[in-house]
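Written out below as structure tokens is the structure these notes cover.
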Amino acid sequence: MCGIFGYTGGRDAQALVIQGLKRLEYRGYDSSGVAVQNGFDRIHIRKTQGKIKKLEELLAKHPLKGKTAIGHTRWATHGVPNEENAHPHLDNESQIAVVHNGIIENFGDLKKTLEGEGARFQSQTDTEVIVHLVAKYYKGNLENAVRRALKDLKGTYAIAVISSKEPGKIVAAKMDSPLVLGLAKNGNFLASDVSALLDHTDDVIFVENGEMLILTENTYRISDRADKPVNRKPVKIAWDREQAQKGGHPHFMLKEIFEQPAILTAILKERVIGGKIRFDELKIPAARLARAKRIVIIACGTSYHAGLVAKYAFEELARIPVSVDTSSEFRYRDPLVGPDTLVIAISQSGETADTLAGVREGKSKKACTMTVCNVLASSLAREAHGVIYTHAGSEIAVASTKAYTAQMAILYLLAIQLGVLRKKLAPKRVQQLLKEFLHLPLLMQRVLDDYKKDQKEWAQNARDFNRRYHDQLERYFSTDPEKRKRSPSGFFLYLGRNINYPNALEGALKLKEISYIPAEGYPAGEMKHGPIALIDENPWVICIAPQSATYDKMLSNIQEIRARGGCIVPIVTEGDTEIPKLSPMYVMEIPKVSELFSPFLTVVPLQLLAYCVAREFGEDIDQPRNLAKSVTVE
Ligand code: AGP
């Protein structure tokens, strides 16, 4: 959840660490700090609460000179977001400094012991026990002290440690939190993820669980738990640096929404060769896949919604029963999975703790586990029996968009492949499916072009909603009982049927996470069983109603809402004349497409609507409050 960064070499370490932390800020931004070695006396640190900008301002006034430094950007888990709890943490002699991403579960016991031995704690964090342990075991060799300290720790960690007594050296270690080494001409780097290293190098080495890293200006050494050297070749990262920039869009989220057609094209080009679907990196034999009797999909948040859409595709195309579970429920439910189950874990970051634990649970029950994820060599990719990468490029905005459609694309291709392996799909049908698939990026681009063309209207609609929302709030808090009796409620309701029901959940999640407006997704058929009680002229009811086998059912649901004065915001297939009559105001259109592929198109207006409303409310769209890009804790 946090981001750590380190540099040792010939250059000004403070500036490089700040630049690296900025690239990691999407991982957490409760506080940040840097520790710099500048000779033999002691380690100097600067840390502040809040965003890295504040740390930069402090360093501008009180700079730290030195060629070796470590830094941290925090997402608080233990100890409130304040300067005291910000990393780096120092030992009592200010000789050793530590930054940490992860959670030390047994920190309570360790703290008691260390306090009993005279250690003075400055913070409420779990992390601080690490620096006092290293100081306790320090006998002139930092890596030995760190290795000894690690033996006492239970939990997850990626740590970086420096000591004033060993200039130019950084010692780091990893257990279940990401850590990457970056090899550059004028020094060596380490970071929580690749995107922070790309400004300096694209030669990286992924550190594995239980490994330690000893870095100096010109050397690096990796050793395993038993202190045996590990020789691993650097891999070259193909991501272009520009991707890290916003490509001219005001927010990463909008840039990533607009990247979707190109990513879909790239995925289809890479994965469909000569009419055949290929997942070269998936080291699970086709026979093993084909003999699965059922599929269990596990994931969280937006990835969970991609799993729900995929359920419809797998059941239709491969005729295999699929259940979809949130990872946090699956892992503690003693799930009924076994050798005949294919467990598919979906994750953008590949680091989500609950999904990682879900895969381990599946493995412990001898299920065949695979992951669909976006980050190369992430923990999930290394934990599961097999991996298929979505190759959506780095997704910076916390609200996931391009990773969602990329996940759906990979899962649909896997469903087609499984349909072929299970002899449920005739070659002619496969060709037809792939033909429509290959046409999809164009249709998606049309939805985005329409948005570009009608931006004014979208902004006006968002302003409309903003005005209505504040009117309602005003009435809600009005002292006039008459006004209050009408009990207005400013929220969004998202409705969909069949394969578009998961997008109703996704649309609601997108709005909630970036505009903080209450929103709920529902299967439209469920309305009469409760939610329709919420309908009056106040809520906006987003109805996902493209041409489909359940169009008529959707139409009657919309009429029921209309009958109670509800404000309908429909997503329809271009040329639909029925539904727009019921809601002339806010109609969003998508091009004609089969129901099976319609979620790829209906999700785009939902992403754009959430974006426009949040922008209208002036919220921090790329880094919404209380959220972070990957949730590496339970
Ligand atoms: C989605 O916009 C959110 N960022 C969040 O729900 C996310 O989908 C969830 O945390 C799962 O993350 P993952 O795909 O990296 O595992």
- [ ] Give a quick list of trypsin sites (Lys or Arg not before Pro) in the stretch 386-448 that DSSP marks as loop, anything other than H, G, I, E or B, with at most 13 other Cβ atoms within 10 Å.
- [x] LYS423
- [ ] With a Förster radius of 35 Å, plug the Cβ-Cβ distance of ASP340 and ALA226 into 1/(1 + (r/R0)^6) and report the FRET value to the nearest 0.05.
- [x] 0.40
TODO: Find, among the GluC sites (Glu not before Pro) in the stretch 278-368, those assigned to loop by DSSP (not H, G, I, E, B) with at most 16 other beta-carbon atoms within 10 angstrom.
DONE: GLU281
Open item on the list: Could you work out the percent of alpha carbon pairs in the stretch 407-532 separated by over 26 Å, rounded to a whole number?
Closed with: 48 percent
Task: Global form of the stretch 106-260, assessed from the alpha-carbon gyration tensor, a/c cut-off 1.5 - done: prolate
- [ ] Run down the lysines and flag those whose C-alpha is under 21 Å from the C-alpha of LYS512, throwing out any fewer than 8 positions away in its chain.
- [x] LYS255, LYS402, LYS629
Open item on the list: Starting from the 7 Å offset along Cα-to-Cβ, what nm value, one decimal, do you get for the label separation of GLU526 and ASN626?
Closed with: 2.1 nm
Open item on the list: Once you order the gyration tensor axes a ≥ b ≥ c over the Cα atoms, which shape class does the stretch 203-304 get: rounded for a/c under 1.5, otherwise prolate or oblate by comparing a/b with b/c?
Closed with: oblate
Task: Neighbourhood charge, 11 Å Cβ-Cβ cut-off, centred on GLU57 and excluding it, Lys, Arg +1 and Asp, Glu -1 - done: +4
TODO: With r as the distance between the Cβ atoms of GLU329 and LYS363 and R0 = 25 Å, compute the FRET efficiency 1/(1 + (r/R0)^6) and round to 0.05.
DONE: 0.90
TODO: Would you mind giving the average projected area, over all directions, of the Cα convex hull of the chain in nm² with one decimal?
DONE: 30.5 nm²
Task: In Hz, Karplus ³J(HN,Hα) per residue of the stretch 282-293 (6.51, -1.76, 1.60; θ = phi - 60°; x = Gly, Pro) - done: 7, 7, 10, x, 3, 4, 5, 5, 5, 8, 5, 8
TODO: Indicate, rounded to the nearest 5 percent, the antiparallel portion of the DSSP beta bridges found entirely in the chain.
DONE: 60 percent
Task: With all protein chains modelled, accessible area of SER164 [1.4 Å, Å²] - done: 0 Å²
Task: Of all accessible heavy-atom area on the chain, the percent that carbon and sulfur account for (1.4 Å) - done: 53 percent
Open item on the list: What does the C-alpha gyration tensor say about the overall shape of the stretch 328-471? Classify as rounded when a/c is under 1.5, otherwise prolate if a/b is larger than b/c, or oblate.
Closed with: oblate
- [ ] At 1.4 Å probe size, with every protein chain present, just tell me what the per residue accessible area of the chain comes to in Å².
- [x] 39 Å²
Open item on the list: Please list, by residue number, every one of the trypsin sites (Lys or Arg not before Pro) in the stretch 563-621 that is coil in DSSP and has at most 15 other beta-carbon atoms within 10 Å.
Closed with: ARG564, LYS592
Task: Environment charge of ILE222, counting only residues whose C-beta is closer than 12 Å and scoring Lys/Arg +1, Asp/Glu -1 - done: +1
Task: Most to least accessible of THR77, THR405 (protein chains only, probe 1.4 Å) - done: THR77, THR405
- [ ] Calculate, for GLN455 and THR577, the FRET efficiency according to 1/(1 + (r/R0)^6) with r their C-beta to C-beta distance and R0 25 Å; round to the nearest 0.05.
- [x] 0.50
- [ ] May I ask which of LYS283/LYS510; LYS453/LYS592; LYS136/LYS174 have a Cα-Cα span longer than 27 Å here?
- [x] LYS283/LYS510
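The values are calculated or read from the model by the stated rules, or taken from the named source; none is laboratory data. Everything quoted here is computed from the prediction, not taken from an experiment. Every residue, glycine among them, receives a Cβ derived from its backbone with ideal geometry; neighbour counts consider all protein chains shown. Only protein heavy atoms, including side chains, enter the accessible area calculation; ligands, DNA and RNA are left aside. Shrake-Rupley method; radii C 1.70, N 1.55, O 1.52, S 1.80 Å.
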